[in-house]
Every structure is written in C-alpha cells, then in structure tokens.
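The next block holds one structure in the form of structure tokens; read it before the comments.
The values are calculated or read from the model by the stated rules, or taken from the named source; none is laboratory data. Source: prediction; values computed, not measured. Every residue, glycine as well, gets a Cβ built from its backbone with ideal geometry; the counts of neighbours run over all protein chains shown.
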Amino acid sequence: MGEKNHSEVIVQPLTPVIGAEIKNMDLGGNSSGTNFELIKEVLHRYQVVFFRNQDITVDAQKDLGELFGELVTHPNDPGLDGHPEVMIIHADESSKRIAGERWHSDVSCTDEPPMGSILRMFQVPRYGGDTLFSSMYAAYDGLSELMREFLSGLRAVHDGAPYYTSVNRKIGRKDAGEGYPKAEHPVVRTHPETGKRGIFVNEIFTTHIVGLEKSESDLVLRFLFEHLKKPEFQCRFRWEKDSIAFWDNRCTQHLAMWDYWPEVRSGYRVTVKGDRPF
Ligand code: SIN
C-alpha cells in the first residue's frame, strides 16, 4: 500500500516500514464509523497512523476509540475530570518528568495490554516534542533465524510497580493502594489480526525472562532493548496543534522526546482494550 486515493482520502506513508498519514479525513463528525475499515487497514499495514487538523471534542475522540474496542482506564493515572478513560499528557516548565520518555508499549504489565492508543495534541511546543515509533515486526524480522528460534518459546515478566512507584515518587503522588499489575507474556507475540510476529519486551515494564539465570536474562533483554531502537525500524512524528497519532500497541513501541522544556505540550490520550498476547 503506497500513497493512494480512497475517493479524496490520501494515505501517505512516512517510511516503507512504519507510519502513515491519512489525509483529508474528518474524525470529528459522524464519518469516523464510515472510515473504520480504512483506518484499520492502514493501521494493520503501517502500525501507526497520523491525522492532521483534528479539532475534535473529547467525546468524538472517545467515539473514535470505541470503534476499535472498549476504552480502558490507566492503572496509575486518574484521567480527565469526568472522563477517567482519558489520560492527560502534559508537560510544562514545572514538570519533573513526562509520560513515555523511554521506549515502551503502553501498560504491558497487564494481562491484556491495550490494543492501541489514540493521542490528540492540542498544544505543542514551537519545535521538538516529536514522538518516535519503532516497528516490532521489523525488529523481529531483523534478528537471525537462530535468535528467533531461541526467543520463540520464552516468556517474560512485565511489572508495573517499579515504573509507577518511581513516577509517583518523582511527582509527589501517592501510590495506588491496591498495588500495580504484573503479567507474564511471550517474548515474541503474534498479532491477533495480521498474524505477524513481533518482539514484545520493553525497557519500562519487562523485568526478566522466565527460566533464565538473572545474568542471562539481563543480557538477552539488554540486547533486545538496544536492537529494537535501530533507526531503520522507526519513524518520527512531528506534531502540530490538533494532530492525532493512533498506534497499534501490539506491534510497536514508542518514545516521547522531551527536548522542549520549558515549553508546553498538552494532549489527551484514549486507550483501547486489548487481549491476552500469544
Ligand atoms: C505516551 O503515551 O507514551 C506519550 C506519547 C507522547 O506524549 O508522545
């Protein structure tokens, strides 16, 4: 699927591997439902899709997410007032950290990690604040046959506690009383819709590989965390006011670049429920 016309809608890839912008689609009206199949097709091919000039309401953003599944709340974020399933992504002069500064897939510490996330940015810095996305299909395909075989039977633990407690310490927020999710997932997962295989460990949540000695597990994870950051697996998105990024959390990782302090960057994210990785 290269650049092509769907009546007036244009799909413009960012790289051959990952990322495509869908142009001339209005996500604010009732048309999102009509566009569902096209968005899904482009998401499956490019793993992250981008839209520009989407000055849409919170309800329209939620409606868009709900086309793809139930929305979920975040285990360490109270969400927007009256909309607990809307996460506020915000940084300004007084911020001590930002969300997603290291490569990760969202909330992989749950038994059923999100299918995807939809982020709309309504305030952006003059420059900087890009988000980088990496294709876990490409990262998997970039391994040798022997390494793929070695990884294929392995499972890894994803623990929310170390990351979320460190976030809370930094920003002076109390930890959630009932603790944080922890889950075990295959190191290589199969996408339930495309059938493609991708690496599913990340440096925010994955603590160790089950059944390996700690030193062995540390070495393998360190290798994978470096491997999946290779530029040839990536695209980089330059935000404008009212841009939207919709990433498939099952086959990508992303990193938010905090190079714009003390400027402000603000947006809302909705997160769509996923299923148990296999
Ligand atoms: C995130 O959801 O990890 C934040 C992404 C971003 O702010 O670009």
Can you find even one residue in the stretch 103-116 that is within 19 Å of Glu240 (Cα to Cα), near the ligand (Cβ under 9 Å from one of its atoms) and modelled with pLDDT of 95 or more?
-> no
Do you know which of the residues in the stretch 106-161 that are among the small types (Gly, Ala, Ser) and closer than 23 Å to Lys214 by Cα is surrounded by the fewest Cβ atoms within 10 Å (Cβ to Cβ)?
-> Gly153
List the strands (runs of 3 or more DSSP E) that sit entirely inside the stretch 8-83 and contain at least 1 residues that are farther than 18 Å from Cys251 by Cβ and without any contact (Cβ under 8 Å) to a residue 12 or more places away in the chain.
-> 9-13
Output the strands (runs of 3 or more DSSP E) that fall wholly within the stretch 178-278 and possess 1 or more residues being at negative phi and away from the ligand (no atom under 16 Å from the Cβ), or say none.
-> 182-186, 188-190, 197-199, 206-209
